[in-house]
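Notes to accompany the following structure.
The values are calculated or read from the model by the stated rules, or taken from the named source; none is laboratory data. These numbers were taken from a predicted model, which means no experiment stands behind them. With ideal geometry, Cβ positions are generated from the backbone for all residues, glycine too; neighbour counts draw on all protein chains shown. Only protein heavy atoms, including side chains, enter the accessible area calculation; ligands, DNA and RNA are left aside. Shrake-Rupley method; radii C 1.70, N 1.55, O 1.52, S 1.80 Å.
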Amino acid sequence: MHHVVLERWSRGESFLHARDARVKVVVLLVYLVALATTTPMTPIAGACYAALVAAAIVAARLPLAGLALRAATVLPFAGTFALFSLLAGDESRALSLVSKSYLSAAAVLTLAGTTPLPKLVRGLESLGVPRFLTLVIQFLYRYLFVISEQAQHMRMAALARGGGRLRMTHAAGAAATLFGRSYARAEGIHGAMLARGFHGRMELLAEARLGPADVLFLLGGAGLATALRLAMGTLA
Amino acid sequence: MLPWDSVHIPDGFLSTPVWLALDVTGLPAVALLARRARRELEEARAPLLGVMGAFVFAAQMINFPVAAGTSAHLVGGALLAITLGPAAAAVVMTAILAVQAFVFQDGGILALGANVFNMGIAGVLAAWLPYHLWGAGRHRRTAIFAAGALSVVVSALLAVSELLASAVPVRPAALAFLLVVFGVSAAVEGVITVAVVRGIERLSPRIVHNATPERSWGLAVCGAGAVLLAAAGGLVASTNPDALQWLGGQLDILGRVTTLFAAPLAEYRARWLGSPWTSKAAAGTAGALLVGLICIALGRAATRPRSA
């Protein structure tokens, strides 16, 4: 499953893995803004932006081919609208839609592949995202796998009892059962957490601190993306 | 499988004024709703909301049979609004969209504000509106169907009008195709939502009893605002005037209405397009803020007599 692979990637060791989550988020945002505001998206500009992401992926020691393949999840959507653009006779727009969305997805994957989600969420929190929301995100991610597995078990059980193709009421019953079980599980979790002194905040073992390497990465990454954007602006 | 029942806009699709305006307005709105949800749910019920988000992910693995051998899955915005209340549902939807954007590359990061606005805020409020108005009465089932259908239609229409406002070229025929797809997805989501809510009522009546939260007129008014905004999105679609004119030509009755709206808008658009994007962004933000303020003001006015 996709997020299991990401989970493994994000526990790796490299220069990028070791950087502070906040710094990585800011550099990602600068890169995305630079990419989004580059118009028109020439093949040269696309190649330069792609080189920047590729450099980050290599620096993070992530599998380039595997990541490139996973970033392709945006292609069905982007491809459809690129097709619409082609039908409307706007070829450069079609190219720009596909390349921009694909490179953005690859950049986000690089962040997600070098930052475990708890650290990423904590970074977002200290960048100003409300704590209640980050808590919900953390619980969602924590139980995503658990509840999905339960859904899979239910499907298996239905198959074993000859329920190959469900009727509407059966499918609705399955969803309602899953809902009830999730709800009950949530109440159990909440009670257990309260009993263990949960006070509305996940504790990390070590508080993140900005080091000189983080500042260097921030200046380097953001500077490079900005420089690229400015260069493309004059080229265009 | 239908092409999309929910439109997650990736990065690189929206023009800068559009994503900037929606990030600036959508994300603080969620922060506001998060505070409200926290109040409504008494204690910090973050675990419940998180697990419900995980449930929506998992429920998408259940295939619901649709006519002619195809199947669809639950989108879930309306179900969350009905079971958790609108503020909590908006928070859960935002968390889902954030995880989808960061972990699954389903929807962009810069476009997160837009996606949160379409699905997490407008979609949830549009679902809340019919349920709030008619959910307790004789027409409960119709209200739940309308909730499911409206949540999908409103978020899809907003997404498409944002794409059109960003000058993504969509030919009239392609637009018509998209509208048909959205119409079908909306009906399917309505049917699925009715079936699942009935199932929940039978299996765990305790939850549904909990799940009929206090009636909030303020949020209902916001819901009406969301529906209106999506309708106005149709007008934004006239930044792509030939699409609207083509539709108008197809439906003769609409023809007159179209020219009525298209004439002033064409001039408006010309003035708009000439200006730099900063002023467009400012105009977009101002417009969204204005709608937000009107919603809040109306909501306050509507709730005051009840609390006094």
Requested in this report: Only residues that are farther than 14 Å from B:ARG140 by Cβ and out of contact with any Pro (no Cβ under 9 Å at 6 or more places or on another chain): list them for the stretch B:182-195, please.
Outcome: B:PHE182, B:GLY183, B:VAL184, B:ALA186, B:ALA187, B:VAL188, B:GLU189, B:VAL191, B:ILE192
Requested in this report: Return a yes/no flag: does the stretch B:152-160 have any residue that is closer than 24 Å to B:GLY225 by Cβ and open to solvent by 30 Å² or more (accessible area, probe 1.4 Å).
Outcome: yes
**Report entry** Per-region count, the stretch A:117-163, residues more than 10 Å from chain B (Cβ to nearest Cβ), part of a helix (DSSP H, G or I) and open to solvent by less than 60 Å² (accessible area, probe 1.4 Å)
**Finding:** 5
Query - helices (runs of 4 or more DSSP H) within the stretch B:64-122 that include 2 or more residues closer than 18 Å to A:THR134 by Cα and not charged (D, E, K, R) - result: B:86-103, B:112-115
Query raised in the report: Pairs under 7 Å by beta carbon, first residue assigned to a helix (DSSP H, G or I) and modelled with pLDDT of 90 or more in the stretch B:192-209, partner hydroxyl-bearing (Ser, Thr, Tyr) and open to solvent by 20 Å² or more (accessible area, probe 1.4 Å), six or more apart or different chains?
Result: B:ALA195/A:THR169
Report task. Return only the number of the condition from (1) within 30 Å of A:GLN150 (Cα to Cα); (2) loosely packed, with under 15 Cβ neighbours inside 10 Å that A:ALA231 does not satisfy. Result -> (1)
Query raised in the report: Does B:PHE57 satisfy the condition of being among the aromatic types (Phe, Trp, Tyr), more than 9 Å from chain A (Cβ to nearest Cβ) and in contact with a Leu (Cβ under 9 Å, 6 or more places away or on another chain)?
Result: no
**Report entry** Among the residues listed as A:VAL58, A:VAL23, A:VAL33, A:VAL27, the single one being crowded, with 23+ Cβ neighbours inside 10 Å and at pLDDT 90 or above
**Finding:** A:VAL27
Query raised in the report: If you scan the stretch B:214-230, which residues turn out to be open to solvent by 40 Å² or more (accessible area, probe 1.4 Å) and either of a type in the set (Gly, Ala, Ser) or modelled with pLDDT under 70 (or both)?
Result: B:GLU214, B:ARG215, B:TRP217
Requested in this report: Could you please find all residues in the stretch A:96-116 being facing chain B (nearest Cβ under 7 Å) and closer than 22 Å to B:PHE57 by Cα?
Outcome: A:ALA105, A:VAL108, A:LEU109, A:ALA112
